[in-house]
Amino acid sequence: MNFKRLLTALLLILTIGATLAFIRPDDELITKIIAQLDKWRAEHPQEKVYLHFDKPSYAIGDDIWFKAYVTIGSDHRLSAYSDILNVDLIDENDSVKRSIKLPLTAGLAAGDFALADSMAEGNYRIRAYTNWMRNESDAYFFDKTIAVVNGISNRVFTKATYNYSTVNGKQKADAVITYTDLNGIPYVNKPVSYEVEINGKSVSRGKGVTDDKGNLNATFTTSTAATITSGHISTDVKLDDKHTVTKVVTVKTLSKKIDLQFFPESGNMLNGIFSKVAYKAVGADGIGVNIKGYITDEQNTRITDMGEAHFGMGTFNFEPESGRNYKAHVTYPDGSEGVIDLPKASDNGYILSINNFRDDKVFVTIMPGKNTATGTASSLSGLTIIAQSGGELCYAGKSKDGATAFSAAIPKEKFPSGIIQFTLFSATGEPLNERLVFIQNPDGLKLDVSSDKKTYKPREKVTINLNAKNSTDKPVIGSFSASVIDQSKVVTDEANESSIFSTLLLTSDLKGYIEKPNYYFTNVNAETKANLDVLMLTQGYRRFEWKQLLGDKFTPVVFKPEKSLEVTGHLKTFGGKPVPNGKVTLISTAGGMFMIDTVADAQGKFTFKNLVFRDSLKFIVQARTAKDRKNLDITLDNVTPQPVTHNKNWPDLQTNINDGASAYLINSKKIFDEQVKYGIGNHTIVLKEVVIREKRENPFKSSANLNGPGNADQTLTSKDLMYGGGMLSQVLQSRINFVTFRNGIPYSTRSPNTPMQIVVDGTYVESDFLDNITPSDVATVEVLRTIGNTAIYGSRGSGGVLVITTKRGGGDTAYNKYAPGIVTYAPKGYYRAREFYAPKYDDPKTNTAMQDLRSTIYWAPGLLTDKDGNTSMSFFNADGKGTYRIIVEGIDADGNLGRQVYRYRVE
């Protein structure tokens with residue numbers, strides 16, 4: 001049957017069937033489902049986080065600016081459930097480089113990360129979550145991968161291409177690595193040595209010389225095409241006798257294998273029933289592959305063509321027949337072909353078919369398999385269909401007794417925008433079929449962004465006006481953030497960016513990787529809606545399992561919503577028994593004397609609530625028994641850090657992060673040079689030799705380094721640790737080269753699976769001891785990684801050594817072991833977000849001689865509209881000419897979301 005004729009006929013059936021198939025949903029099963037969903041929502045309200053960034057990619061020396069929106073429930077209202085947000089900056093080795101806590105005000109916060117000059121280029125990710133969200137899988141955290149390039153100190157730029165093959169049962173990879181300078185001039189005839197590491201293990205080493213195009217060929221084989229959790233080629237290119245540069249190239253995959261899967265609508269195919277089947281073809285690098293193909297039966301009779309693929313996903317429709325087998329004949333992009341078996345069709349069961357092609361209604365059809373004895377349709381008696389979003393029931397229906405087919409046309413206004421889960425239940429409450437549908441209602445905010453003209457001059461003042469209305473054209477009071485960037489410097493791809501729509505409505509509810517999620521929300525049309533429906537057919541949704549939900553087996557709550565900063569602990573005797581009713585005092589001398597008292601309960605537990613303090617603030621906790629004795633042990637309750645799991649968005653890792661970023665890299669170098677010229681910025685890189693004539697005291701004189709004080713691969717002093725805040729591991733991880741930190745434990749990249757030995761004031765301590773040391777108490781840190789420096793430590797130094805010397809004497813605070821009845825404590829406090837700086841050229845104090853090379857022209861995280869829906873912002877253009885792009889995003893009090901892109905020219 002012609003597909004268009006089929007749709008027309010089906011639509012007619014659905015329209016008629018809607019009044020015949022369903023009865024009033026008033027029975028025991030539906031009542032139970034509603035009650036359990038309400039209970040789940042009450043006990044497990046779902047928070048979501050979205051971060052709006054000032055731009056999509058960054059360079060070393062930049063600042064990452066972001067606005068956080070935390071919502072709750074299916075209507076996406078700003079959350080008041082949690083009052084603290086955690087945000088982590090993580091490198092591609094899954095090591096947390098910075099971790100900050102932000103106070104939330106009505107679900108909103110603003111923050112930033114400074115990308116220090118000492119950081120390495122590469123793929124980073126930013127993860128954001130509340131403590132309450134930790135009760136669910138971290139797959140639901142906000143997690144965004146960003147590329148960070150280095151145009152400041154980078155002398156060598158690489159580009160890698162790979163070709164994969166199978167030789168004697170082993171996976172062979174041929175890599176071509178090209179070495180150039182910032183201007184693209186190749187490094188010719190340069191010796192290079194390299195080492196390939198896959199999943200933390202060295203698999204190959206080699207040497208070579210670059211050719212006349214700057215290319216190096218590196219070949220390696222592995223015994224298995226194992227899934228890569230981390231892979232890279234570390235290369236040392238010798239530029240001249242005095243300069244050797246280390247460059248690390250990402251390896252994302254070990255083969256060119258394409259995984260093809262089939263997804264029958266609602267879970268299965270039934271013989272004799274015309275139904276839809278989706279497919280998804282994914283390369284070994286996690287990116288969708290657009291294939292072509294057709295379906296045949298076992299006699300090679302061509303049944304139907306596979307639909308056109310988008311991001312590797314497509315659909316086809318056909319009617320399987322009992323006793324026949326079906327295959328897909330596939331042609332891959334490289335011209336190769338393959339034949340794959342389709343899933344077996346069944347004679348029994350049901351198909352839950354949903355058509356979402358109309359703007360006003362969702363059409364639902366349930367079709368039973370044919371009775372194998374009579375060839376007639378089976379009865380649908382007792383079946384119940386439920387549609388829910390975030391635990392909120394949107395629709396419920398029950399079939400009539402004796403019905404053999406039924407359908408319904410449901411107005412879309414019954415559903416919130418976002419993912420809707422349709423589930424078909426048996427009479428006994430067993431879930432039979434499931435289908436996801438994405439609803440895109442016209443309920444977004446209407447944002448009108450305007451300026452008084454379309455073309456401006458460099459350094460000219462610009463005023464941008466914003467008017468916000470809801471879908472009924474009523475002005476709204478809302479919170480918005482706006483970024484202004486120079487598109488001639490920053491490469492943009494709107495389809496590949498995160499947006500407030502793609503995050504809160506789509507990716508925050510799905511566990512798997514979504515390729516270019518904002519594609520579905522940019523220029524929404526019939527094609528993007530159809531492709532989004534295919535995504536729903538191939539993607540899983542598992543906020544809860546129905547069997548556990550209906551069986552009243554809820555996930556236990558382990559992490560409470562954080563309402564404030566707290567210091568908690570227990571008082572015990574040295575024999576481990578609780579000390580009841582002890583007096584506990586919390587003391588801090590930072591910024592003046594602060595002191596507060598409390599009394600432990602009968603189990604010796606004490607709590608200091610509703611605290612407000614900045615990150616890295618040091619406390620003294622002092623305790624006495626009820627009889628004023630100090631011989632007791634204080635145990636503080638340290639919150640277990642959120643572990644870093646494998647990046648679910650690993651397909652977004654860029655093998656060649658500098659591709660297309662030449663303008664950005666050159667501009668970044670110019671900004672650095674200009675800041676150094678005028679003595680501004682917090683830069684740690686020294687590009688010119690400095691001759692020190694004054695004799696200074698050796699800061700390493702007290703070091704217990706067995707090689708001799710200061711003899712190390714890298715050294716740091718207290719001055720290097722002054723900025724950054726947080727625990728010691730977090731302070732060190734952005735300052736130590738070739739050392740990664742996982743859950744506070746240091747690992748040398750030379751021995752990624754062996755923790756480094758830590759030596760504090762000559763004492764060997766455990767590898768997780770670092771965060772017991774307050775950063776301000778550290779005098780020096782010596783990093784021992786190479787065999788010449790670690791050999792003297794024997795087997796203890798096999799993974800490398802960190803030699804830490806604490807401050808002693810003078811006016812510095814000494815690092816003390818815990819004394820009876822007293823401990824020092826540096827808990828993670830609130831990060832104080834910085835204010836975005838933009839020059840004001842109407843102010844005579846502004847330095848007008850300095851070149852204005854900004855790529856982020858303006859960042860406004862705190863825009864609030866008034867009762868008429870209006871607000872505005874003013875700023876000055878930079879020196880760059882071209883197109884400036886403004887992105888405004890935000891939310892109103894009712895949870896309506898808004899995003900608008902606006903551009904103007906600077907000439």
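Of the residues Ile500, Ile514, Ile485, which is at pLDDT 90 or above, in the same structural domain as Leu897 (by TED's automatic domain parsing) and touching a Leu at 6+ places or on another chain (Cβ under 6 Å)?
Working: Ile514 fails: touching a Leu at 6+ places or on another chain (Cβ under 6 Å); Ile485 fails: touching a Leu at 6+ places or on another chain (Cβ under 6 Å).
Going through Ile500, Ile514, Ile485 in turn, the sole match is Ile500.
Take the residues in segment 798-814 that are modelled with pLDDT of 85 or more and among the aliphatic types (A, V, I, L, M); name whichever of them is farthest from Pro775 (Cα to Cα). Steps first, please.
Restricting attention to segment 798-814, the residues satisfying the condition of being modelled with pLDDT of 85 or more are 798-805.
Now drop any that are not among the aliphatic types (A, V, I, L, M), which leaves 801-804.
On the way: Val801: 18, Leu802: 14, Val803: 14, Ile804: 11 Å.
Only one residue fits best here, namely Val801.
For segment 282-306, which residues satisfy the criterion of being farther than 28 Å from Met367 by Cα and among the hydrophobic types (A, V, I, L, M, F, W, C)?
Passing the criteria: Val282, Ala284, Ile287, Val289, Ile291.
Residues checked against (1) crowded, with 20+ Cβ neighbours inside 10 Å; (2) touching a residue at least 60 places away in the same chain (Cβ under 8 Å); (3) within 20 Å of Ser275 (Cα to Cα); (4) in contact with a Phe, Trp or Tyr (Cβ under 8 Å, 6 or more places away or on another chain):
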| site | (1), (2), (3), (4) |
| --- | --- |
| Leu383 | yes, no, yes, yes |
| Ala405 | no, yes, yes, no |
| Thr428 | no, no, no, no |
| Val437 | yes, yes, yes, yes |
| Leu445 | yes, yes, no, no |
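Return the residues of segment 28-53 that are closer than 30 Å to Asp88 by Cα, out of contact with any strand residue (DSSP E or B) (no Cβ under 6 Å at 6 or more places or on another chain) and among the acidic types (Asp, Glu); say none if nothing qualifies. Please lay out each step first, then the result.
If we filter segment 28-53 for residues that are closer than 30 Å to Asp88 by Cα, which is where we start, we get 40-53.
From what's left, out of contact with any strand residue (DSSP E or B) (no Cβ under 6 Å at 6 or more places or on another chain): 40-44, 46.
Result: Glu43, single match.
Look through Ala826, Ala860, Ala838, Ala893 and report the one residue that is of a type in the set (Gly, Ala, Ser) and not assigned by TED's automatic domain parsing to the domain that holds Asp473.
Result: Ala826 is the single residue among Ala826, Ala860, Ala838, Ala893 that is of a type in the set (Gly, Ala, Ser) and not assigned by TED's automatic domain parsing to the domain that holds Asp473.
Determine if segment 624-645 includes at least one residue that is over 28 Å from Thr598 (Cβ atoms), part of a helix (DSSP H, G or I) and out of contact with any helix residue (DSSP H, G or I) (no Cβ under 6 Å at 6 or more places or on another chain).
Looking through segment 624-645, none of the residues is over 28 Å from Thr598 (Cβ atoms), part of a helix (DSSP H, G or I) and out of contact with any helix residue (DSSP H, G or I) (no Cβ under 6 Å at 6 or more places or on another chain).
Conditions tested, residue by residue: (1) assigned to a helix (DSSP H, G or I); (2) closer than 23 Å to Gly418 by Cβ.
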| residue | (1), (2) |
| --- | --- |
| Pro458 | no, no |
| Ile485 | no, no |
| Thr492 | no, no |
| Ser498 | no, yes |
| Leu506 | yes, yes |
| Glu515 | no, yes |
| Asn531 | yes, yes |
| Asp552 | no, no |
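From the set of residues in segment 1-31 that are exposed (fewer than 14 other Cβ atoms within 10 Å of the Cβ) and among the charged types (D, E, K, R), which is modelled with the highest pLDDT?
Glu28
Does segment 56-73 hold any residues that are within 20 Å of Leu653 (Cα to Cα) and under 15 Å from the mean Cα position of the chain (by Cα), and which are they?
Pro56, Ser57, Ile64 - these are the residues of segment 56-73 that are within 20 Å of Leu653 (Cα to Cα) and under 15 Å from the mean Cα position of the chain (by Cα).
Scanning for something over 26 Å from Ile671 (Cβ atoms) and free of Cβ contacts under 8 Å to residues at least 24 places away in the same chain, does segment 170-190 turn up at least one residue?
yes
Any idea how many residues of segment 52-76 are surrounded by 24 or more Cβ atoms within 10 Å (Cβ to Cβ) and among the aliphatic types (A, V, I, L, M)?
Residues meeting the conditions: 2.
In contact with a helix residue (DSSP H, G or I) (Cβ under 7 Å, 6 or more places away or on another chain) and more than 27 Å from Asn465 (Cα to Cα), is that true of Leu510? Walk me through how you get there before you give the answer.
On the way: in contact with a helix residue (DSSP H, G or I) (Cβ under 7 Å, 6 or more places away or on another chain): no; more than 27 Å from Asn465 (Cα to Cα): yes.
The answer is no for Leu510.
Scan segment 263-270 and tell me whether some residue there is more than 30 Å from Asp181 (Cβ to Cβ), over 37 Å from the mean Cα position of the chain (by Cα) and modelled with pLDDT under 95. Give the derivation first.
First pass over segment 263-270, keeping only residues more than 30 Å from Asp181 (Cβ to Cβ): 263-270.
With over 37 Å from the mean Cα position of the chain (by Cα) added as a condition, the list becomes 270.
This time we only want the ones that are modelled with pLDDT under 95, so: 270.
Looking through segment 263-270, at least one residue is more than 30 Å from Asp181 (Cβ to Cβ), over 37 Å from the mean Cα position of the chain (by Cα) and modelled with pLDDT under 95.
Over 26 Å from Lys516 (Cβ atoms), in a loop (DSSP other than H, G, I, E, B) and in contact (Cβ under 8 Å) with a residue 60 or more places away in the chain: is that true of Gly272 in this structure?
Working: over 26 Å from Lys516 (Cβ atoms): yes; in a loop (DSSP other than H, G, I, E, B): yes; in contact (Cβ under 8 Å) with a residue 60 or more places away in the chain: yes.
The answer is yes for Gly272.
So which residues in segment 220-242 are in contact (Cβ under 8 Å) with a residue 12 or more places away in the chain and exposed (fewer than 14 other Cβ atoms within 10 Å of the Cβ), if there are any at all? Don't jump to the end; show me each part of the working.
If we filter segment 220-242 for residues that are in contact (Cβ under 8 Å) with a residue 12 or more places away in the chain, which is where we start, we get 220-226, 228-239.
Scanning segment 220-242 gives Ser223, Thr224, Ala226, Thr229.
So, in segment 522-575, exactly how many residues are without any contact (Cβ under 8 Å) to a residue 12 or more places away in the chain and surrounded by 14 or more Cβ atoms within 10 Å (Cβ to Cβ)?
1
Considering only segment 766-789, state which residues are among the aliphatic types (A, V, I, L, M) and touching a residue at least 12 places away in the same chain (Cβ under 8 Å). Give the steps one after another, and end with the answer.
Step one: filter segment 766-789 for residues among the aliphatic types (A, V, I, L, M), giving 770, 773, 778-779, 781, 783-784, 787.
Across segment 766-789, the qualifying residues are Leu770, Ile773, Val778, Ala779, Val781, Val783, Leu784.
Working carefully through the options Tyr902, Tyr884, Tyr837, find the one that is under 28 Å from the mean Cα position of the chain (by Cα), assigned to a strand (DSSP E or B), hydroxyl-bearing (Ser, Thr, Tyr) and surrounded by fewer than 22 Cβ atoms within 10 Å (Cβ to Cβ). Let's see the steps before the verdict.
On the way: Tyr884 fails: surrounded by fewer than 22 Cβ atoms within 10 Å (Cβ to Cβ); Tyr837 fails: assigned to a strand (DSSP E or B).
Result of the check over Tyr902, Tyr884, Tyr837: Tyr902.
Can you name the residue in segment 279-311 that is in a loop (DSSP other than H, G, I, E, B) and free of Cβ contacts under 8 Å to residues at least 40 places away in the same chain and, of all such residues, is nearest to Asp347 (Cα to Cα)? First the steps, then the outcome.
As a first pass, look at segment 279-311 and keep what is in a loop (DSSP other than H, G, I, E, B): 284-287, 289-291, 298-301, 306-309, 311.
The next check asks that each one be free of Cβ contacts under 8 Å to residues at least 40 places away in the same chain; those that pass are 298-301, 306-309.
Working: Glu298: 18, Gln299: 21, Asn300: 22, Thr301: 22, Met306: 23, Gly307: 25, Glu308: 29, Ala309: 29 Å.
Among residues in segment 279-311 that are in a loop (DSSP other than H, G, I, E, B) and free of Cβ contacts under 8 Å to residues at least 40 places away in the same chain, the one nearest to Asp347 (Cα to Cα) is Glu298.
Answer yes or no: is there a residue in segment 606-621 that is without any contact (Cβ under 8 Å) to a residue 60 or more places away in the chain, among the hydrophobic types (A, V, I, L, M, F, W, C) and part of a loop (DSSP other than H, G, I, E, B).
No - not one qualifying residue is present in segment 606-621.
Would you mention how many residues in segment 158-186 are of a type in the set (Ser, Thr, Tyr) and more than 16 Å from Ile657 (Cα to Cα)?
3
For Ser74, which of the numbered conditions (1) in a helix (DSSP H, G or I); (2) touching a Pro at 6+ places or on another chain (Cβ under 7 Å) fails to hold?
Of (1) in a helix (DSSP H, G or I); (2) touching a Pro at 6+ places or on another chain (Cβ under 7 Å), only one is false for Ser74: (1).
The values are calculated or read from the model by the stated rules, or taken from the named source; none is laboratory data. Because the structure is predicted, anything quoted here is derived from the model rather than measured. Please note: Cβ atoms are built from the backbone with ideal geometry, for glycine as well, and neighbour counts cover all protein chains shown.
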